[in-house]
Amino acid sequence: MAAAAPLLPLLARGQNPEHGVVEARLTAAPAKVQLAPPDYPATAVWAYNGTAPGPVLRVRQGDRLRVAVRNGLAEPTTVHWHGVRVPNAMDGVPFITQPPIEPGAEFVYEFEARDAGTFWYHPHQRTFEQSGRGLHGALVVEEREPIRVDRDLVWVLGDWRLDKGAAIAGGFGSFFDVSHAGRLGNLVTINGLDLDQFVVRSGERIRLRLINAANARVFALEFRGHRPRVIALDGQPVEPHEPQDGRVVLGPAMRADLVIDMTEKPRSAFDIVDTFYPRMRYRLVALSYSDQPPLPSRADAPIALPANPLAEPDLGRAEHHDIVFRGGMMGDMRGIPRPMAWTMNGKAASCGTGQPFDPLLFLKRGQSYVLRLVNETQWPHPIHLHGHVFRVLTRNGQPTAHREWLDTVLLQRRESAEIAFVADNPGDWMFHCHVLEHQDGGMMACVRVL
Ligand code: C2O
Ligand code: CU
């Protein structure tokens, strides 16, 4: 029976004399890991510090995180801190916020963890291949006073396309993947493991931090026999609620923090099933109860998280803009020059080339904005904005139930959504689809906050 290995912080707080500074070191380099079941060979991956996903970085809200990144790959890279409201120069976008880190070189990222929550990190250089080969990891910023649970767990969900010998299949960035659903894999892992059972104890309360680190796969997780409550989305607290239809839906790059009470009996077992693609349902893992006697229930303890220091958009004075997404197979690709397949307001852009990049929108610092995102394609797109988080006000014109704060909003095919935020972080910020092949195929723009 497999169990997730505990993931440790790299350096404990206090090992550095400066109060509240957490230092870490990440080296991106080739490595071998056992992704597939033990009867398969190990898989050659690209990894941070030799593991895929990389180490869980854990800090407390208000700490400064200083991460020295060394590039041990044969190509340039960067690290982007997904969902973290960093200063622009620390955002890890090649040519736009920094020169790429060349092979053998190092770059030190440093920023304050202003928001508590579940975040993650990954390259922003040829992300579809670098993240797809294993370069991604979790960043957890703990609340100053966390809610009480028996275990606080991170599950990085990975999706790998392997060949019969468990090697990573080639074809990264193929036009088929770019113009369809992206690079879907054939092996889903939890923290890099092909887990069959996850052992729990009757009565315990688990905070489960789910991170979708897949290039393209959307997850819709159903927890048989259990009633998880969502307490945060994309790291940002949300009024605790049971997910709609009992399914936790996560597009690429999205996160959900769940509180799950293990209310069943010792020695019982319950499946967690992914039902997003109706013809490709599968069992992700089983929650398997140990025979230990039940822990005392925490059912009455509070689970709501304290709010993060986010500026509330002033909807009465907000400026409105429409962003229209087009292209892709079974959509309109006329006038989009290959290898591009997608556009935002008629433009297809790609970063990582060093080509000049005209901002799609110029935003005034301190001003509130409402963007209406219109997906005119036949495919779902998780749309991510850097440097900011936004409230989701409406979907297809209907108010959302929780007005959740997100950094990545999943637009279903032909769906529209209105998002609102204050442009309070100066700089050029990427705004793109997080299906990494769509991003590479033109579904990317940048907004300038001045
Ligand atoms: Cu998670 Cu622009 O990225
Ligand atoms: Cu997309």
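The values are calculated or read from the model by the stated rules, or taken from the named source; none is laboratory data. Owing to the predicted nature of the structure, the values given are computational and were not obtained by experimental measurement. A quick note on method: Cβ atoms are made from the backbone with ideal geometry, for glycine too, and the neighbour counts reach across all protein chains shown. Heavy atoms of the whole protein, side chains included, go into the accessibility calculation; ligands, DNA and RNA do not. Shrake-Rupley method; radii C 1.70, N 1.55, O 1.52, S 1.80 Å.
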- Restricting attention to segment 218-244, and to residues there that are in contact with a Leu (Cβ under 9 Å, 6 or more places away or on another chain) and of a type in the set (Lys, Arg), which single residue is surrounded by the most Cβ atoms within 10 Å (Cβ to Cβ)? Arg229
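Would you be able to tell me the number of residues in segment 68-85 that are within 24 Å of Pro237 (Cα to Cα) and within 12 Å of ligand 1 (Cβ to nearest atom)?
Of the residues in segment 68-85, the ones within 24 Å of Pro237 (Cα to Cα) are 80-85.
Subset that is within 12 Å of ligand 1 (Cβ to nearest atom): 80-84.
Within segment 68-85, residues that are within 24 Å of Pro237 (Cα to Cα) and within 12 Å of ligand 1 (Cβ to nearest atom) number 5.
Looking at this structure, is Pro252 assigned to a loop (DSSP other than H, G, I, E, B) and buried (at least 18 other Cβ atoms within 10 Å of the Cβ)?
Working: assigned to a loop (DSSP other than H, G, I, E, B): yes; buried (at least 18 other Cβ atoms within 10 Å of the Cβ): yes.
When the stated conditions are applied, Pro252 passes them.
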- Read through the list (1) more than 13 Å from ligand 2 (Cβ to nearest atom); (2) outside any strand (DSSP E or B), then give the number of the only condition that Val374 fails. (2)
- Residues located in segment 135-167, provided they are within 15 Å of ligand 1 (Cβ to nearest atom) and part of a loop (DSSP other than H, G, I, E, B): Leu135, His136
- Query: Within the group Phe107, Phe176, which residue is open to solvent by 30 Å² or more (accessible area, probe 1.4 Å), free of Cβ contacts under 8 Å to residues at least 60 places away in the same chain and within 16 Å of ligand 2 (Cβ to nearest atom)?
  - Reply: Phe176
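Residue by residue, here is whether (1) over 30 Å from Asn375 (Cβ atoms); (2) part of a loop (DSSP other than H, G, I, E, B); (3) among the acidic types (Asp, Glu); (4) touching a residue at least 60 places away in the same chain (Cβ under 8 Å) holds:
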| site | (1), (2), (3), (4) |
| --- | --- |
| Arg279 | no, no, no, no |
| Leu287 | yes, no, no, yes |
| Gln292 | yes, yes, no, yes |
| Ser297 | yes, yes, no, yes |
| Ala301 | yes, yes, no, yes |
| Ala304 | yes, yes, no, yes |
| Asn308 | no, yes, no, yes |
| Asp322 | no, no, yes, no |
- Please specify each residue of segment 380-409 satisfying the condition of being open to solvent by 40 Å² or more (accessible area, probe 1.4 Å) and either within 16 Å of ligand 2 (Cβ to nearest atom) or at positive phi (or both). Asn396, Gly397, Arg403
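Before we move on, is Gly185 over 15 Å from the mean Cα position of the chain (by Cα) and surrounded by fewer than 16 Cβ atoms within 10 Å (Cβ to Cβ)? Spell out the reasoning first.
Values: over 15 Å from the mean Cα position of the chain (by Cα): yes; surrounded by fewer than 16 Cβ atoms within 10 Å (Cβ to Cβ): no.
When the stated conditions are applied, Gly185 does not pass them.
Between Pro399, Pro339, Pro313, which is away from ligand 1 (no atom under 16 Å from the Cβ) and without any contact (Cβ under 8 Å) to a residue 24 or more places away in the chain? I'd like the intermediate steps shown before the answer.
Numbers: Pro339 fails: without any contact (Cβ under 8 Å) to a residue 24 or more places away in the chain; Pro313 fails: without any contact (Cβ under 8 Å) to a residue 24 or more places away in the chain.
Every option except Pro399 fails the conditions.
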- Message: For the list (1) in contact (Cβ under 8 Å) with a residue 40 or more places away in the chain; (2) away from ligand 2 (no atom under 16 Å from the Cβ); (3) open to solvent by less than 50 Å² (accessible area, probe 1.4 Å), I need the number of the one condition that Ser131 fails.
- Response: (2)
- Task: Looking only at segment 237-253, decide whether some residue is more than 20 Å from the chain's Cα centre (by Cα) and within 16 Å of ligand 1 (Cβ to nearest atom).
- Result: no
- Residue list for segment 410-434, filter: open to solvent by 10 Å² or more (accessible area, probe 1.4 Å), assigned to a loop (DSSP other than H, G, I, E, B) and either within 16 Å of ligand 1 (Cβ to nearest atom) or not charged (D, E, K, R) (or both): Gln412, Asn425, Pro426
- Message: Suppose the filter is within 28 Å of His388 (Cα to Cα), within 16 Å of ligand 2 (Cβ to nearest atom) and out of contact with any Leu (no Cβ under 7 Å at 6 or more places or on another chain); does Ala253 pass it?
- Response: yes
- Item | Checklist (1) more than 16 Å from ligand 1 (Cβ to nearest atom); (2) in a loop (DSSP other than H, G, I, E, B); (3) open to solvent by less than 80 Å² (accessible area, probe 1.4 Å) applied to Lys265, failing item | (3)
- Under 7 Å by Cβ, and 6 or more places apart or on different chains, what pairs join a residue from segment 361-377 that is more than 27 Å from Ala341 (Cβ to Cβ) with one that is more than 16 Å from ligand 1 (Cβ to nearest atom) and basic (Lys, Arg)? Ser368/Arg317
- Query: Do we have Arg334 as more than 16 Å from ligand 1 (Cβ to nearest atom) and assigned to a loop (DSSP other than H, G, I, E, B) here?
  - Reply: yes
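Taking Phe172 as the residue in question, decide whether it is of a type in the set (Phe, Trp, Tyr) and either within 16 Å of ligand 1 (Cβ to nearest atom) or part of a strand (DSSP E or B) (or both).
no
How many residues does segment 147-167 hold that are over 25 Å from Phe270 (Cβ atoms) and surrounded by fewer than 21 Cβ atoms within 10 Å (Cβ to Cβ)? Break it down stepwise before answering.
Keep residues of segment 147-167 that are over 25 Å from Phe270 (Cβ atoms), which gives 160-167.
Narrowing further to those that are surrounded by fewer than 21 Cβ atoms within 10 Å (Cβ to Cβ): 161-167.
Of the residues in that region, 7 qualify.
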